[in-house]
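Below you'll find the structure I mean.
The values are calculated or read from the model by the stated rules, or taken from the named source; none is laboratory data. Keep in mind the model is a prediction, meaning the values are calculated, not measured. Counting neighbours? That spans all protein chains shown, and the Cβs are built from the backbone with ideal geometry, glycine included. The area values use the complete protein model at the heavy-atom level, side chains included, leaving out ligands, DNA and RNA. Shrake-Rupley method; radii C 1.70, N 1.55, O 1.52, S 1.80 Å.
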Amino acid sequence: MVEKDRVEAPETFKFADDAPRHDPWSEDDFGYRPFAKRLADVLWQLSAPNGYVIGLHGAWGSGKTTALNFIAHFLGAKNREDTKRAVEIVRFSPWMFSGQQDLISAFFRVLAEALKDGGETVRKVRTAARTTAKAAVDPTVRAAVTLAVTAHPPEAAAIRAGGALAKSAMEQTIDAWLGEPTLQAAYQDLVKRLRKSGRRFVVFIDDIDRLEPSEVRSIMQMVKSVGQLPNVVYVLAYDRRIVWRALGEREQQKGGEPTFTEKIIQHELELPHAQRSALLRRVDRELAFVLSNVQSSTRWLEIIQHGFHRWIQSPRDIVRLSNALRFTWPPLAAEVDAADVVAMEALRLFDPVAFDWVRANRDFLIDGGAYRSDTEKKTYAATFRQSLDPAHRDDIVELLSALFPSKSKILRVDDRFSFGEIWAETVNRRGIGSHKGYDAYFSLFPSDHVIPKSLVDAAAAAPDDESVQTAALATAIAMVDEQKHTLVGDYIDELSYRQAPRNGMRPGKAMLKAFIKQAAFIQNLNERAGGLFGPGPGMHLLLRQILVAWDAKTAGAALLEAVGHDAPAEVLATLWVWRARESGVLPAEGAQVGDVIDKASLRELGRRALAAILAEQDRALVNAPYYWDIMHTWSKLGVASEAKAWLAGVAKADPHNLAKIARGVLARSMDGGRNQWFFRGLGDDISFYDPEALLAACETAAEAQGLDEDETDRIIALRDGLRAARKAELARAKAARQVKRVAARKAKSGHD
């Protein structure tokens, strides 16, 4: 049994993270190692008796923390080589604190932690008795702790939520701290002791661009004022645009006057841009769980060219897209085209205006919406184009043209070259530009009332496997829509798209046989289950597609093998009528003419069909869903008068049968979901219709009980049509007689 499979590999549920890397030798995906090593060399050699501030600018998510980790790695290596000149690394994360006083206090608490290696451990500050605390602590450490507490008095709310060092020291020696010097005196004491110690520090202050604007200003003021200490070099990591915005600055003041940032940062470096090739390699690795399902194509190249080259600018962009797809892809795997899912998730993250428009315009993008003419559609598309950022407008339009190829000429300004994907191909891959692909993506799960793409894939991949074909068709027949109508018609349509010559599905005898075995059931389905057209004609179109893929002799042998010698008359008759019209044996207005099967096979098929009709005329034949093809076959290959008499008897015997007969001479349209039937005339088929017998049956059956509404409508339409035809025939006969009489009088007058 073929089931509605879901491809959900366990690893796809492990969300990616943008945690910074630490080892420049094994984790340098983006080429930051040379830059980090060079900066580490500079920091190692730098003399900064009055302190120094270096800025490291990089776009948000570009990998600044990774670069700082690599710098720390190389400094650590140098420290191990020359312990006497060691540079001590201090990391300060200001975004963990709030408020100017809290930032200053927190900074000196962190500095005190770093200073502890030069004297007694800070643990003693936390545990010593109040009367002995001062004596136990190294003076330089104590000076930093004093600044931390003095900068933020005990009653301040932030210090109560602050770090353990200052809080513990304050609680243990509260009386002593109240007698300490002022903040300025404590600062001068720390400066003196740091200069005397000769110790060198590099302070990394990361994620400044995460702070609130007021906090950005506070941290910059702190670095410039109380944080400017001897032999302390700051490396501030930030996104320049965010910091400038927070400080209310532009790139440069008028007249060359230095900005506030430039007064603080003595030297600014820019993080190297990750190479495009390196970013795309990371994309391949992080998105392998979905990209392994993407087929290389011109369409995919369009998505890369007009999408990925804009979207992926930093490592964080990759992580965002990867995590989005790890959530979205598993329920859609094998049901929606992988390339389209990737593109739509990227649109959602990086081109939200375009994404929202796609989500709001299903009818326009799939069916054309309420706009009837191409001019109206182009006007609507032009309004959308104007809403896009001009810098990316052309790329977005080209990208949407790749996702919705049937609307490419409408979306574009002009008719530029496109890869020209036809509708059948969009449906086959279940792209976002198809009904089922669009609906599955935006509901984040294929509907239970939609034929699974995996079912069609399985059948298309094994056209000669009888067990696969039988199981797939049985599954499709069992599936129903919201109105409980079988979805086998949708399954047939999907296979027809696959069987199109451009799509290259191999013809298969097993597929042919599976459908012929179920043909009686499919032909007997209520036509309304498939809308205006039921699944029966669709099935016969698919069978024709399969047959024409072979030469006529192979196709004939395959068809005869599939029908065997026990197929019902209704199936054999329809198969024969289709082949007879193709070969020209029966008239077929607008039909494709050509021998789909060889003439010998056609004769044998006709022989079997007539034999089954004659054998079943008193039993199963009456229960056929319609008699049109049966009567064509019987009257053409058998005795026409016998066929005509049988049909008249069936019409008289049962009004349900009469309603089926009516289908052969009526046309229909849909109005408000209801069939509207129209008499189209008996035409050339008068040979097996008895108009008077049919009209008599209609007069009796029009008011019969037990008919459904549609059957009654058919009988009434047939009755009215036959009445009008008889009236027209009587009028023609009367006119003919009149012409005869006039001609006779003229002839007589001329003779006289």
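Measuring from label point to label point, each 7 Å out along Cα→Cβ, what is the GLU692 to SER467 span in nm?
Here the modelled spin labels are 6.2 nm apart.
List the trypsin sites (Lys or Arg not before Pro) in the stretch 307-398 that DSSP assigns to loop (not H, G, I, E or B) and whose Cβ has at most 14 other Cβ atoms within 10 Å. Which are they? Each step should come with its number before you reach the end.
On the way: sites: ARG310, ARG316, ARG320, ARG326, ARG348, ARG359, ARG362, ARG372, LYS377, LYS378, ARG385, ARG393; in loops: ARG372.
In loop regions of the stretch 307-398 (DSSP not H, G, I, E or B), the sparsely surrounded trypsin sites (Lys or Arg not before Pro) are ARG372.
Please work out how much length the chain gains when fully extended from LYS740 to LEU46, using 0.36 nm per residue of separation minus the C-alpha to C-alpha distance, in nm with one decimal. Walk me through the numbers before you get to the answer.
Numbers: separation 694, 0.36 × 694 = 249.84 nm, distance 12.48 nm.
Going from the current span to full extension adds 237.4 nm.
May I ask you to compute the full-extension gain from ARG732 to ARG80, defined as 0.36 nm times their residue separation minus their alpha-carbon distance, rounded to one decimal in nm?
Values: separation 652, 0.36 × 652 = 234.72 nm, distance 11.59 nm.
Result: 223.1 nm gained on full extension.
Okay, moving on. Taking every eigenvalue of the Cα gyration tensor of the stretch 224-348, multiplying by 5 and rooting it, what semi-axes result, largest first, whole Å?
On the way: eigenvalues 363, 51, 35 Å².
Semi-axes, largest first: 43, 16, 13 Å.
Report the convex hull volume per residue for the stretch 309-445, counting only C-alpha atoms, in Å³. The partial results should precede the final answer.
On the way: hull volume 14.6 nm³, N = 137.
Per-residue hull volume (Cα only) is 106 Å³.
Could you do me a favour and compute the accessible area per residue for the stretch 408-481, 1.4 Å probe, result in Å²? It would help to have the intermediate numbers written out before the result.
Details: 2910 Å² over 74 residues.
It amounts to 39 Å² per residue over the stretch 408-481.
Please tell me which of these pairs span more than 28 angstrom C-alpha to C-alpha: LYS517/LYS652; LYS78/LYS263; LYS377/LYS436; LYS407/LYS484; LYS64/LYS224?
Working: LYS517/LYS652 32 Å; LYS78/LYS263 31 Å; LYS377/LYS436 22 Å; LYS407/LYS484 33 Å; LYS64/LYS224 22 Å.
Going by Cα-Cα distance, LYS517/LYS652; LYS78/LYS263; LYS407/LYS484 fall outside the 28 Å limit.
What net charge do the residues around ALA40 carry, taking every other residue with its C-beta under 11 Å from that of ALA40, with Lys and Arg at +1 and Asp and Glu at -1?
On the way: positive: ARG33, LYS37, ARG38, LYS78; negative: ASP41.
Taking every other residue near ALA40 into account, the sum is +3.
Next question, about the same structure. Return, ordered by residue number, the residues of the stretch 342-369 whose backbone nitrogen is under 15 Å from a label point located 7 Å along Cα→Cβ of ALA391.
350-353
Here is a follow-up. Viscosity 1.306 mPa s, temperature 10 °C: give me the Stokes-Einstein translational D for the stretch 560-697 in µm²/s, with Rh taken as the Kirkwood radius over C-alpha pairs.
For these conditions, the coefficient is 100 µm²/s.
Determine the distance separating the Cα centre of the stretch 316-378 from the Cα centre of the stretch 562-624; give it in Å without decimals.
47
Over 27 Å apart: what share of the alpha carbon pairs of the stretch 620-752 falls there, rounded to a whole percent? Spell out each step's value before the answer.
On the way: 2727 of 8778 pairs.
Percentage above 27 Å: 31.
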